[in-house]
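Here is the structure we will look at.
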Amino acid sequence: MNSSNLTPIRVLLVEDSEYDAELIIKELKASWDVFYERVCTPEEMTQKLYAHDWDIILADYQMPRFSGPAALELLKKTGLDIPLIIVSGTVGEEIAVDALRAGAQDFIVKGHFIRLIPAVKRELSERVARQELRQVERQFRQSEERYRTLIEGLTQFAILIIDATGYIQTWNEGAQKILGYPPEEAIGMHCSFLYCPEDRDRSIHDQSLAIAVKMGQYHEEGWRLKKHGERFWAEITITPMFDDKAQLIGYSKIAIDRTQEREAQKALEESKDQAELANQKKSQFLANMSHELRTPLNSIIGYSEMILNNMVKSSEDLERYARNISVSGRHLLDIVNDMLDVSKIEAGKLEIHAQPVDLQKLVQELHDVLVMLANQKEIKIFWDVAPEVKTVEADPQRLRQILFNLMSNAIKFNRPGGKVMLNLCRSQDERWFQGEVTDTGIGIPRDKIDQLFSDFYQVDSSSSKSYDGTGLGLALTKRLLAVQGGDISVDSEEGKGSTFLFRLPIRRANPESA
């Protein structure tokens, strides 16, 4: 963005590291047109404090000849109203608490600047509000009428005067704009009607006024009510007013609608959380994928070395080793193909080639591939192809992927001695070719089913260690079905197995064969 389009800001940087200073200023320049000067000693700060009307001071906590707390003390002695934020590489809860107690508006850790921009914006806004408030109060003491005239023009702020008992005396145009009440409806009402019911019940309004009197001014944020019950997030400054005999005569309240800023900050935090979760899922996926790839590779390498080292004792052993190499190679190829197909679908380049498919033959081939995996866990595979779908019009490669993913999943997440059942038939309305894969395995918790078909997702990350898997198979299956106009659903109960039902709008290739 062109700096000429940004709001100018003057920053006094109390920092001994030129490198750190450049990082901080670079961060600020994304939001403002920044003019700054850097100091690192008390003498330099004293000289520069009056050189410009600084908007904000950013100070390191500890430097060789100076410190953030010392800068705060120096600033207090001048009486200048300039917010000071500590930006330090020194980390520690005790240090941060001490800095805030000393008068710093905030404590930001170097290298974690996500809070820097919101903090600076907040302090600039508060400074503007304080300046406006001081101006208003000066005008009020000079002339109440001039004061009323002035506050009517501040439409970005809801400014109201309430008496010592909390009843509204004045109501500016900004209050009408923000809160929705015209002056004739608001003046004379107790200020508590602007609070949410739960806060009224706890007398928060009275507590706020009492704190303002005790502290000289009170700043708070919270939910408030507009005319028709709509809630908004308000930033409020309450200042008590006294007569020349130091008797309390009322309060001035300035309120700003901060709903959009709060929602933006919340959205930023949520997006950060989502990004971190996505990175965790990808990291878990890569870990699982490396394990998945190593398993068939180790099998291929192991059996190959047995053959090469003349450890084959009979032709039966040679045939068994070669078959295991072939099965492992197919397994490895399936994993790679799954990854490539996800990329093709995301790029919109996956092609579907429909042709007559002999389901009996296709399922038998799948059975031959999966039976070794099933035998390792003593799991029995049962399958049935209804006569009316003996031959269907479909993409054989994609249909094989769908069936392989569902059945291999059913085997992986099954118990030793369990069963896996595959049924292929036509739906009752004769519009769909559908398949049902049922297992007697560990089942799926109800609260996890909605996420089951997400990329890289596993019900429990520990399952990748106990049962293997990349978390990609079901997500790819759903996408392959969707591309062909189909869908998939699951019915499961934890500890009692699962049933996956998929549908494809596939017509029979040869009606006479049904």
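The values are calculated or read from the model by the stated rules, or taken from the named source; none is laboratory data. This one's a predicted model, so the numbers in the text were calculated from it and none came from an experiment. Ideal geometry is used to build each Cβ from the backbone, glycine not excepted, and the neighbour counts take in all protein chains shown. We work out accessible area using only protein heavy atoms, side chains counted, and drop any ligands, DNA or RNA first. Shrake-Rupley method; radii C 1.70, N 1.55, O 1.52, S 1.80 Å.
Looking for whichever is open to solvent by 10 Å² or more (accessible area, probe 1.4 Å) and without any contact (Cβ under 8 Å) to a residue 12 or more places away in the chain here; the options are Q434, Q428, Q401. Which one fits? Let's see the steps before the verdict.
Details: Q434 fails: without any contact (Cβ under 8 Å) to a residue 12 or more places away in the chain; Q401 fails: without any contact (Cβ under 8 Å) to a residue 12 or more places away in the chain.
None of the other options fit; the residue is Q428.
Return the only residue of M421, M407 being closer than 16 Å to K377 by Cβ and either open to solvent by 40 Å² or more (accessible area, probe 1.4 Å) or part of a loop (DSSP other than H, G, I, E, B) (or both). Quick ask: steps written out before the conclusion?
Numbers: M407 fails: either open to solvent by 40 Å² or more (accessible area, probe 1.4 Å) or part of a loop (DSSP other than H, G, I, E, B) (or both).
Only one candidate passes the filter, namely M421.
How many residues does segment 348-374 contain that are more than 30 Å from P416 (Cα to Cα), open to solvent by 60 Å² or more (accessible area, probe 1.4 Å) and not in a strand (DSSP E or B)?
Just the residues of segment 348-374 that are more than 30 Å from P416 (Cα to Cα), to begin with: 348-358.
Checking which are open to solvent by 60 Å² or more (accessible area, probe 1.4 Å) leaves us with 348-349, 351-356, 358.
Still in the list and also not in a strand (DSSP E or B): 348-349, 351-354.
Qualifying residue count for the region: 6.
Are there helices (runs of 4 or more DSSP H) fully within segment 150-258 with at least 2 residues that are of a type in the set (G, A, S)? List them. If you could, list the steps in order and put the result at the bottom.
On the way: elements: 173-179, 183-186, 197-201, 204-215.
The qualifying helices (runs of 4 or more DSSP H) are 173-179, 204-215.
Quick check, is D273 in a helix (DSSP H, G or I), free of Cβ contacts under 8 Å to residues at least 40 places away in the same chain and either open to solvent by 60 Å² or more (accessible area, probe 1.4 Å) or of a type in the set (K, R) (or both)? Steps first, please.
Numbers: in a helix (DSSP H, G or I): yes; free of Cβ contacts under 8 Å to residues at least 40 places away in the same chain: yes; either open to solvent by 60 Å² or more (accessible area, probe 1.4 Å) or of a type in the set (K, R) (or both): yes.
Yes, satisfied.
Considering only residues that are open to solvent by less than 40 Å² (accessible area, probe 1.4 Å), touching a Leu at 6+ places or on another chain (Cβ under 8 Å) and outside any strand (DSSP E or B), which ones fall in segment 7-29?
E15, A21, I24, I25, L28
Starting from segment 95-123, take each residue that is more than 14 Å from P83 (Cα to Cα) and touching a residue at least 24 places away in the same chain (Cβ under 8 Å) and list its partners that are open to solvent by 30 Å² or more (accessible area, probe 1.4 Å) and β-branched (V, I, T), counting only C-beta distances under 9 angstrom and pairs at least six apart or across chains.
Once the first residue is more than 14 Å from P83 (Cα to Cα) and touching a residue at least 24 places away in the same chain (Cβ under 8 Å) and sits in segment 95-123, its partners that are open to solvent by 30 Å² or more (accessible area, probe 1.4 Å) and β-branched (V, I, T) give K110/T90; K110/V91.
Among the candidates E393, E388, single out the residue that is over 30 Å from I301 (Cβ atoms), in contact (Cβ under 8 Å) with a residue 12 or more places away in the chain, in a helix (DSSP H, G or I) and of a type outside the set (K, R). Before the answer, list the steps.
Details: E393 fails: in a helix (DSSP H, G or I).
The match here is E388.
Restricting the first residue to segment 62-82 and requiring it to be under 15 Å from H52 (Cα atoms), which pairs with a second residue that is in a helix (DSSP H, G or I) meet a Cβ separation below 7 Å and a spacing of at least six or different chains?
Partner pairs satisfying both residue conditions: T78/L49; L80/L49; D81/R127; D81/R130; I82/L75.
Does I249 meet the test of being β-branched (V, I, T), open to solvent by 30 Å² or more (accessible area, probe 1.4 Å) and modelled with pLDDT of 80 or more? Before you say what the answer is, go through the steps one by one.
Numbers: β-branched (V, I, T): yes; open to solvent by 30 Å² or more (accessible area, probe 1.4 Å): yes; modelled with pLDDT of 80 or more: yes.
Considered against the rule, which asks whether it is β-branched (V, I, T), open to solvent by 30 Å² or more (accessible area, probe 1.4 Å) and modelled with pLDDT of 80 or more, I249 comes out as yes.
Looking only at segment 111-141, filter to residues that are among the β-branched types (V, I, T) and out of contact with any Phe, Trp or Tyr (no Cβ under 7 Å at 6 or more places or on another chain); which one of those is farthest from A255 (Cα to Cα)? Spell out how you get there, then give the answer.
Applying the first criterion (among the β-branched types (V, I, T)) to segment 111-141 yields 114, 117, 120, 128, 136.
Now restrict to residues that are out of contact with any Phe, Trp or Tyr (no Cβ under 7 Å at 6 or more places or on another chain): 114, 117, 120, 128.
Values: I114: 26, I117: 22, V120: 19, V128: 13 Å.
Ranking the candidates gives I114 first.
Any residue at all in segment 54-61 that is more than 21 Å from V128 (Cβ to Cβ) and assigned to a loop (DSSP other than H, G, I, E, B)?
Yes, segment 54-61 contains at least one residue that is more than 21 Å from V128 (Cβ to Cβ) and assigned to a loop (DSSP other than H, G, I, E, B).
Select from segment 101-125 the residues that are open to solvent by 20 Å² or more (accessible area, probe 1.4 Å) and part of a helix (DSSP H, G or I) and list them in ascending order.
Result: R101, F113, I114, R115, I117, P118, K121, R122, L124, S125.
Could you grab me the full set of residues in segment 71-89 that are more than 13 Å from D16 (Cβ to Cβ) and either of a type in the set (G, A, S) or open to solvent by 20 Å² or more (accessible area, probe 1.4 Å) (or both)?
Going through segment 71-89, the residues more than 13 Å from D16 (Cβ to Cβ) turn out to be 72-86.
Result: E73, L74, K76, K77, T78, G79, L80, D81.
Which pairs turn up if I take residues in segment 487-514 that are under 27 Å from G417 (Cα atoms) and open to solvent by 30 Å² or more (accessible area, probe 1.4 Å) and look for partners that are modelled with pLDDT of 85 or more and among the aliphatic types (A, V, I, L, M) with beta carbon separation below 6 Å, at least 6 apart in sequence or on another chain?
Here the result reads S489/L501, each pair linking segment 487-514 to a residue that is modelled with pLDDT of 85 or more and among the aliphatic types (A, V, I, L, M).
Go through segment 83-124 and report how many residues are closer than 19 Å to C40 by Cα, out of contact with any Lys or Arg (no Cβ under 8 Å at 6 or more places or on another chain) and β-branched (V, I, T).
Of the residues in that region, 4 qualify.
Please count how many residues of segment 30-44 are without any contact (Cβ under 8 Å) to a residue 60 or more places away in the chain, exposed (fewer than 15 other Cβ atoms within 10 Å of the Cβ) and hydrophobic (A, V, I, L, M, F, W, C).
1
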